[in-house]
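The values are calculated or read from the model by the stated rules, or taken from the named source; none is laboratory data. Note that this is a predicted model, so its numbers are computed, not measured. When we count neighbours, we look across all protein chains shown, and the Cβ atoms used for this are built from the backbone with ideal geometry, even at glycine.
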Amino acid sequence: MSEMDFVQSEKELTQEESALRDVRGDYDELYGFHDDDVQYKYVSEPGLDEKKVREISKMKNEPEWMTDLRVKAYHEFLEKPTPQWGGELNEIDYDSIYYYMRASDKAERDWDEVPPEIKDTFDRLGIPEAEAKYLQGVSAQYDSESVYHNIQADLEAKGVIFLDMDSGLREHPELVKEHFGTVIPSNDNKFSALNTSVWSGGSFIYVPPGVHVEMPLQAYFRINTQNMGQFERTLIIVDKDAYVHYVEGCTAPTYSSDSLHSAVVEIIVKEGGRCRYTTIQNWSNNVYNLVTKRAVCEKNATMEWVDGNLGSRLTMKYPAVILNGEGAHGEVLSIAFAGKGQHQDAGAKITHNAPNTTSQIISKSIGKDGGRGSYRGLLKIAEGADNCKSNVVCDALLLDDISRSDTYPTIEIDAKNVTMGHEASVSKIGEDQLFYLMSRGLSEDEANAMIVNGFLEPLVKELPMEYALEMNRLIQIQLEGSIG
Amino acid sequence: MGATLEIRNLHAQVEETEMPILRGVNLTIKQGEIHAMMGPNGSGKSTLANVIAGNPLYEVTDGEILLDGENILDMGADERSRAGVFLAFQYPVTIPGVTLANFLRHAVNARLKAEDPESKGIAIPQFVRMLREKMNMLGIDNSFAGRYLNEGFSGGEKKRAEVLQMATLEPKFAVLDETDSGLDIDALRIVAEGVEKLTGPEMGSLIITHYQRMLNHVKPHFVHVMLNGQIVESGGPELALQLEENGYDWLREKYGAPEPAAD
């Protein structure tokens, strides 16, 4: 009983303490810096046409099917109208964006082989240090290409593949061809089409049947160049009864003009397998973050998206799970923080295509200084998918009167015996709560931070310790309002 | 040399409605003294407690509150707390997701940092040991510390959590706002015994209560009666017994106070 509980609370204390103690400085200092002295090996001129798409493919020595797919997708991108239902996308200037920039020759397996000025950046972001402490594999992408990629030897011996996507295509062409674009076809939406036409970097992961990857694999995405477009492409295949936890983080320099990050992530979880995908998105406030993420689950498989959105100018991202096999389970835990000038249009999409499948969506958003948080969710239970259970909870906490929160839930049920719950709430920090905490000696800022951390706690405690710390720290920075 | 909390001619009103509630309260509490404040509903007892603690819902229109000669009315609630004032709430609010232990450690650290800006705060093992000692002293199960602040707490648990906070922060002056309300006999005994253990030469206390039963456990040195925003009668423990027996009507007649509006 008590002893155990107490120890747990000690652990929480440690997290919180480090979170509060580590916070000094602001985004610009911690993440918003950029390197001027990087020697790029290849820079494509701003703007996009079919010639450039073919050039990227040729430079990468890709098989013909991939070149054809890219070109087809490019035309789909041109044809598809800009979505008008979510955030403001009409101001994106596609002609000013750099679609491909390569800073190193290949993804190295040794940090010492990475160009020193690029390694410095990742050192400053703490990536090699984290790798040494608690990761089993790391990928680091700098603008368009992976500069570092490594996986522990014992995992490799078990047949786990963890490569940057370009190497994946080169080294495992059949496996990639079989699955690439099957979960998210290029014409799914305007930005999946754009990604398919110019994709570069991202991760390719295969976990063989029964293999449990105990510690997370992490990818870190860094934009360095002004007006950069980063289009990484990730494909994860978790075979029968296997498990993997993949974590991605991302930051960018603070610039006055906008960058575009548009990724596609496809995940296939086979029978009895489980995949957890954690994102801590912390782009600078000049980045459009337009990402399509989707997983399909076979029988008794589990997919969990843990999605933290703290940065960017506009994020539109709705991690999806398609439950195709009986007994499959899908989960989306989403945290969004919208500060000044930010719009976080986030949510989840879950489709129940088989009977006895279950799902849960928990979304928590915080608005401050006029930021806007939207929850956009789709829950679909197809005909014949009887006896499904789903629960949706979305809560918003507004820290002032000028911030905004909206909820756009869509529910379509065509099956029998469905159990479903939906709760939504918007709250403000109460004066009585502030007075209570302050009457114990906490300053108003500390009291606010404590209430916010408490609001997010049910989600943050789902994260591994190191990411919980990171999340608390980032939220603290946001609360201090120092992101310009 | 003990500290003194001195309330002089205190007038206060509800900030929003400008409805006056306190109409000239005078009271001096020395460290080590136990004062009981009694009086009917609506007489201003809880307002006095909140004004001492610095609740921004109330506005002081006249008078002063001196802690060792220094006026604390210009201080925020947090500063007053760090200066040694504590309020045990009548209705403690819920803070979801924040454990009692976590909250208290921050409160302890806020004090340490106010004294020394360079302070790194209390070491976690030391804090845990200290909190465990306090919980053992008050007969509180250790698992209590890991629960979210007041979330799903019973009435008795809420009040015990308030007493635990008081024990941890070791204030110079504590105001207990109807800490005995809403408790059954057993819960009352546990809470009252906790308060009794904490009173002593290091702490001055103002115990706001409707009932004698709390005072059976915590013997007051002084008993005051508040009526219509003023202290109208002060005496020793016998005054509380007299009120228990006779009610407040004789005081209303004596001081010409109107019947209270129905709650």
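This table checks each residue for (1) of a type in the set (S, T, Y); (2) crowded, with 21+ Cβ neighbours inside 10 Å; (3) out of contact with any strand residue (DSSP E or B) (no Cβ under 9 Å at 6 or more places or on another chain); (4) under 19 Å from B:L176 (Cβ atoms).
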position	(1), (2), (3), (4)
B:N55	no, yes, no, yes
B:V60	no, no, no, no
B:L67	no, no, no, yes
B:N71	no, no, no, no
B:E79	no, no, yes, no
B:G84	no, yes, no, yes
B:N102	no, yes, yes, no
B:K113	no, no, yes, no
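When you go through (1) in a helix (DSSP H, G or I); (2) more than 13 Å from chain A (Cβ to nearest Cβ) one by one for B:G152, which number turns out not to apply?
(1)
Among the residues of region A:52-77 satisfying the criterion of being among the basic types (K, R) and touching a residue at least 12 places away in the same chain (Cβ under 8 Å), which is surrounded by the fewest Cβ atoms within 10 Å (Cβ to Cβ)?
The extreme case among them is A:R54.
So that you can scan it fast, the table gives a plain yes or no per residue for (1) crowded, with 21+ Cβ neighbours inside 10 Å; (2) under 19 Å from the mean Cα position of the chain (by Cα); (3) within 25 Å of B:T47 (Cβ to Cβ); (4) among the β-branched types (V, I, T):
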site	(1), (2), (3), (4)
B:A145	yes, no, no, no
B:E151	no, no, no, no
B:A161	yes, yes, yes, no
B:E170	no, yes, no, no
B:A174	yes, yes, yes, no
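I want to confirm something. Restricting to region B:109-127 and keeping residues that are assigned to a helix (DSSP H, G or I) and charged (D, E, K, R), which single residue is nearest to the other protein chains (Cβ to nearest Cβ)?
This residue is B:R111.
Need the failing condition index for A:K364 against (1) of a type in the set (K, R); (2) in contact (Cβ under 8 Å) with a residue 60 or more places away in the chain; (3) out of contact with any Asp or Glu (no Cβ under 8 Å at 6 or more places or on another chain), just the number.
Of everything listed in (1) of a type in the set (K, R); (2) in contact (Cβ under 8 Å) with a residue 60 or more places away in the chain; (3) out of contact with any Asp or Glu (no Cβ under 8 Å at 6 or more places or on another chain), A:K364 misses just condition (3).
Condition (residue is within 14 Å of another protein chain (Cβ to nearest Cβ) and closer than 25 Å to A:V247 by Cα) applied to region A:397-413: is it met by at least one residue?
Scanning region A:397-413 turns up no residue that is within 14 Å of another protein chain (Cβ to nearest Cβ) and closer than 25 Å to A:V247 by Cα.
Kindly provide the set of residues from region A:301-330 that are closer than 16 Å to A:R276 by Cβ and not in a strand (DSSP E or B), ordered by number.
Correct list: A:A301, A:P319, A:A328.
Just checking, does region A:72-83 include any residue being of a type outside the set (S, T, Y) and closer than 24 Å to A:N282 by Cα?
yes
Which ones in region A:355-387 are surrounded by fewer than 21 Cβ atoms within 10 Å (Cβ to Cβ) and assigned to a loop (DSSP other than H, G, I, E, B)?
Answer for region A:355-387, where residues must be surrounded by fewer than 21 Cβ atoms within 10 Å (Cβ to Cβ) and assigned to a loop (DSSP other than H, G, I, E, B): A:P355, A:N356, A:D369, A:G370, A:A382, A:E383, A:G384, A:D386, A:N387.
Checking the conditions here, which among A:D432, A:D400 is in a helix (DSSP H, G or I), over 24 Å from the mean Cα position of the chain (by Cα) and of a type in the set (D, E, K, R)?
So the residue among A:D432, A:D400 that is in a helix (DSSP H, G or I), over 24 Å from the mean Cα position of the chain (by Cα) and of a type in the set (D, E, K, R) is A:D432.
Taking region A:435-450 as the search range and keeping residues that are more than 25 Å from the chain's Cα centre (by Cα) and among the aliphatic types (A, V, I, L, M), which one is nearest to A:I366 (Cα to Cα)?
Here the answer is A:M450.
Give the number of residues within region B:128-141 that are surrounded by fewer than 20 Cβ atoms within 10 Å (Cβ to Cβ) and either in a helix (DSSP H, G or I) or more than 7 Å from chain A (Cβ to nearest Cβ) (or both).
7
For region A:34-51, check the following and say yes or no: at least one residue is surrounded by fewer than 20 Cβ atoms within 10 Å (Cβ to Cβ), away from chain B (no Cβ under 14 Å), in a helix (DSSP H, G or I) and at pLDDT below 95.
no
Among strands (runs of 3 or more DSSP E) lying entirely in region B:1-108, which contain 3 or more residues that are more than 14 Å from chain A (Cβ to nearest Cβ) and either touching a helix residue (DSSP H, G or I) at 6+ places or on another chain (Cβ under 9 Å) or more than 30 Å from B:G146 (Cα to Cα) (or both)?
Qualifying strands (runs of 3 or more DSSP E): B:4-14, B:20-30, B:34-38, B:58-67.
Quick check: anything in region A:448-461 touching a residue at least 40 places away in the same chain (Cβ under 8 Å) and more than 26 Å from A:L310 (Cα to Cα)?
no
Restricting attention to region A:424-477, report how many residues are of a type in the set (D, E, K, R), away from every other protein chain (no Cβ under 12 Å) and out of contact with any Asp or Glu (no Cβ under 8 Å at 6 or more places or on another chain).
Number satisfying all stated conditions: 4.
With the requirement that a residue be of a type outside the set (D, E) and touching a Gly at 6+ places or on another chain (Cβ under 6 Å), what does region A:341-360 give you?
A:Q342, A:H343, A:Q344, A:G347, A:A348, A:I350, A:A354, A:N356, A:S359
Out of the residues in region A:217-265 meeting the condition of being part of a strand (DSSP E or B) and of a type in the set (F, W, Y), tell me which one is surrounded by the most Cβ atoms within 10 Å (Cβ to Cβ).
Checked region A:217-265; the qualifying residue surrounded by the most Cβ atoms within 10 Å (Cβ to Cβ) is A:Y246.
State yes or no: is B:G24 surrounded by fewer than 23 Cβ atoms within 10 Å (Cβ to Cβ) and in contact (Cβ under 8 Å) with a residue 24 or more places away in the chain?
Against the criterion (surrounded by fewer than 23 Cβ atoms within 10 Å (Cβ to Cβ) and in contact (Cβ under 8 Å) with a residue 24 or more places away in the chain), B:G24 qualifies.
Condition first: part of a helix (DSSP H, G or I), under 19 Å from B:L5 (Cβ atoms), within 14 Å of chain A (Cβ to nearest Cβ) and at pLDDT 95 or above. Can you find one or more residues in region B:174-188 that meet it?
Looking for residues that are part of a helix (DSSP H, G or I), under 19 Å from B:L5 (Cβ atoms), within 14 Å of chain A (Cβ to nearest Cβ) and at pLDDT 95 or above, one finds none in region B:174-188, hence no.
Does B:D184 satisfy being within 19 Å of B:I34 (Cβ to Cβ) and in contact (Cβ under 8 Å) with a residue 24 or more places away in the chain?
Considered against the rule, which asks whether it is within 19 Å of B:I34 (Cβ to Cβ) and in contact (Cβ under 8 Å) with a residue 24 or more places away in the chain, B:D184 comes out as no.
Tell me, which residue of region A:129-151 that is at pLDDT below 90 and not in a strand (DSSP E or B) is nearest to A:D37 (Cα to Cα)?
A:E129
Restricting the first residue to region A:156-185 and requiring it to be aromatic (F, W, Y), which pairs with a second residue that is surrounded by 15 or more Cβ atoms within 10 Å (Cβ to Cβ) meet a Cβ separation below 7 Å and a spacing of at least six or different chains?
Partner pairs satisfying both residue conditions: A:F162/A:G137; A:F162/A:I151; A:F162/A:S203; A:F162/A:I205; A:F162/A:L217; A:F180/A:L235.
If I ask for residues that are among the charged types (D, E, K, R) and modelled with pLDDT under 95, which ones from region A:186-231 would you list?
A:E214, A:R222
Quick one: A:D143 ticks every box in (1) surrounded by fewer than 20 Cβ atoms within 10 Å (Cβ to Cβ); (2) under 21 Å from the mean Cα position of the chain (by Cα) except a single one, so which number is it?
Failing condition for A:D143: (1).
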